[in-house]
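**Student:** Here's a structure for you.
Since every read-out is calculated from the coordinates, none of them should be taken as a lab result. As the structure is a computational prediction, the values presented were derived from the model and not from experiment. Cβ placement follows ideal geometry from the backbone for every residue including glycine, while neighbour counts extend to all protein chains displayed.
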Amino acid sequence: MNITNYQIHRLHLPLREPIGDSQVHFTDHWITAIELVCDNGLKGVGFDCQQGLPTARLTSLREQFEYALWPSLAQADPLSLAMRIQRPRGGNVGCGFRTVPIETALWDLASKQAQVPLFQLLGGTDPQVRAYGSTLDFHLNDNDFRTKLERLQRYGFSAFKIKVGHPDLSWDLKRLQLVRDVLGSDVNLMVDANEAWSVKETLKRLHAYQNAGHEIFWIEDPITREDYTGYARLCSELESTRVNTGEYLNISGKRQLLVSGAVDVLNIHNSIHEGRFAATLAGEFGVPVSLGNTLLELGVHLAASLPECLYLEYSDLIWNDLAIEPIQVEQGCAWAPLRPGHGIELDPDKLAFYAKPQ
């Protein structure tokens with residue numbers, strides 16, 4: 001089975017409500033969907049997302065793809081490319097075919113060729129993954145925040161993550177209390193500050209949360225991503241709250257976190273190849289992992305194949321509208337499809353509705 005053709009879709013998806021954190025604010029997603037077609041008719045699809053600013057026009061996307069990626073893909077075997085190990089050097093660092101959408105499409109094709117769901121091809125045996133509701137709420141008012149909590153509550157989650165990091169501590173405390181008012185005290189509560197604080201400010205905030213009666217299951221990215229000494233101090237001083245970080249770092253950065261004793265839960269997402277490597281590395285240090293938001297929830301396959309994945313993030317974003325059958329989320333869990341491949345097929349009507357070639 002060899003790759004013989006491709007198709008690219010440029011899509012604009014206005015969000016239901018603004019999303020963001022202490023650093024960013026977005027109202028729409030620009031998604032590039034890439035379909036790789038093999039000589040036996042099988043298609044594999046992958047996705048990329050640019051938040052806020054539009055992507056290049058479709059003609060430019062095709063020209064870039066033809067120049068930079070297609071020569072490595074044409075007539076290639078999908079599984080061979082998906083499994084290939086690269087050692088970039090010099091000007092090749094950051095180049096090559098293994099972009100996240102291409103890699104996703106390759107794994108989709110490889111598991112379709114094997115006629116098994118992707119999570120099984122990756123070594124998983126159970127399609128069920130524990131998930132948490134993620135509100136991305138920093139730019140919502142209190143009423144809209146409450147509404148989003150109630151919407152996510154319908155999925156039966158036992159854990160929720162909200163945004164914190166407002167300059168005013170009382171804003172954070174009010175948000176935490178709203179969570180308890182809507183969800184009660186029986187759910188695990190995570191907070192994400194998106195690098196808003198120093199080490200001292202992080203400790204101050206968490207002590208204030210605790211004094212107000214809010215136990216925090218994990219604090220995510222409270223300080224700048226490469227402050228390994230600071231993260232090690234937080235891991236040492238925080239007795240009950242876990243430190244979750246690593247999302248913004250490459251493999252070298254994740255390794256440094258682990259070597260420094262600077263992470264309690266290693267956050268991985270997007271790339272299956274790098275995610276498996278990072279999870280294996282984390283296992284050497286006895287550190288569990290979590291899966292951050294992934295396009296169309298495709299991270300469920302990676303999560304289902306890993307032995308110590310605490311949670312998968314779920315934000316109920318509009319990108320799921322593109323799928324004929326979106327990833328199923330119920331009773332607090334996400335379920336990897338049992339169909340061959342990653343199980344996401346694009347809805348032609350939705351592709352036409354959201355298409356923005358120019």
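**Student:** Roughly how many Å is it from the Cα centre of the stretch 155-170 to that of the stretch 277-336, as a whole number?
**Tutor:** A separation of 19 Å, based on Cα centres.
**Student:** Give me Arg180, Arg98 ranked fewest to most by other Cβ atoms within 10 Å of their Cβ, as a rough exposure proxy. Present the calculation step by step, with values, prior to reporting the outcome.
**Tutor:** Working: Arg180 14, Arg98 20.
So the residues, fewest neighbours to most, are Arg180, Arg98.
**Student:** Something else now. What nm distance separates the two modelled labels at Asn141 and Asp39, each placed 7 Å from Cα along Cα→Cβ?
**Tutor:** Here the answer is 6.1 nm between the modelled labels.
**Student:** Let me ask something else about it. Given the stretch 78-206, what whole percent of its Cα pairs are spread farther than 24 Å?
**Tutor:** The share of Cα pairs beyond 24 Å in the stretch 78-206 comes to 55 percent.
**Student:** Using Cβ counts within 10 Å as a stand-in for footprinting exposure, how do Lys161, Lys43 rank, fewest first?
**Tutor:** Details: Lys161 27, Lys43 18.
Ordered from fewest to most neighbouring Cβ atoms within 10 Å, Lys161, Lys43 come out as Lys43, Lys161.
**Student:** Mind checking the angle between helix 272-284 and the chain's longest principal axis? C-alpha axes, 0 to 90 degrees, to the nearest 10.
**Tutor:** Relative to the chain, helix 272-284 is tipped by roughly 40 degrees.
**Student:** Just the Kirkwood number for the stretch 172-275, please: inverse of mean 1/r across all distinct Cα pairs, in Å, one decimal.
**Tutor:** On the way: mean 1/r = 0.0702 Å⁻¹.
Mean inverse Cα-Cα distance, inverted, gives 14.2 Å.
**Student:** Where nothing but the Cβ of Lys and Arg (+1) and of Asp and Glu (-1) is charged, how large is the charge dipole of the stretch 121-335 around its Cα centre, in debye to the nearest 20?
**Tutor:** 260
**Student:** Would you mind giving the three semi-axes, in whole Å and largest first, of the ellipsoid equivalent to the stretch 211-358 according to its Cα gyration tensor? Could the numbers behind the result be given before it?
**Tutor:** Numbers: eigenvalues 204, 56, 47 Å².
Over the Cα atoms of the stretch 211-358, the ellipsoid semi-axes are 32, 17, 15 Å.
**Student:** For Cα Rg over 2.2 N^0.38 Å, the choices are [x] 2.66; [y] 1.00; [z] 1.29; which was calculated from the structure?
**Tutor:** Only one option fits the structure, namely [y].
**Student:** Using the structure shown, select from Lys112/Lys254; Lys148/Lys174; Lys161/Lys204; Lys174/Lys204; Lys163/Lys204; Lys163/Lys200 the pairs with a Cα to Cα distance greater than 21 angstrom.
**Tutor:** Over 21 Å apart, Cα to Cα: Lys112/Lys254.
**Student:** Applying a 10 Å radius around every beta-carbon, put 286-295, 114-123 in order of their mean neighbour count, most first.
**Tutor:** Numbers: 286-295: 22.1, 114-123: 18.8.
Those peptides, ordered most packed to least, come out 286-295, 114-123.
**Student:** Could I ask something else about it? Which order do Cys235, Cys309 fall in if you start with the one that has the fewest other Cβ atoms within 10 Å? Spell out each step's value before the answer.
**Tutor:** Details: Cys235 18, Cys309 22.
Going from least to most buried by this count: Cys235, Cys309.
**Student:** Here is a follow-up. Please report the spacing between the Cα centers of the stretch 195-249 and the stretch 24-82 in Å, no decimals.
**Tutor:** 36
**Student:** 222 nm [θ] for the chain, helices only, -39500 (n - 2.57) per DSSP H run of 4+, per residue, to 500?
**Tutor:** Values: 13 runs with 126 residues, N = 358.
The helix contribution divided over the chain gives -10000 deg cm²/dmol.
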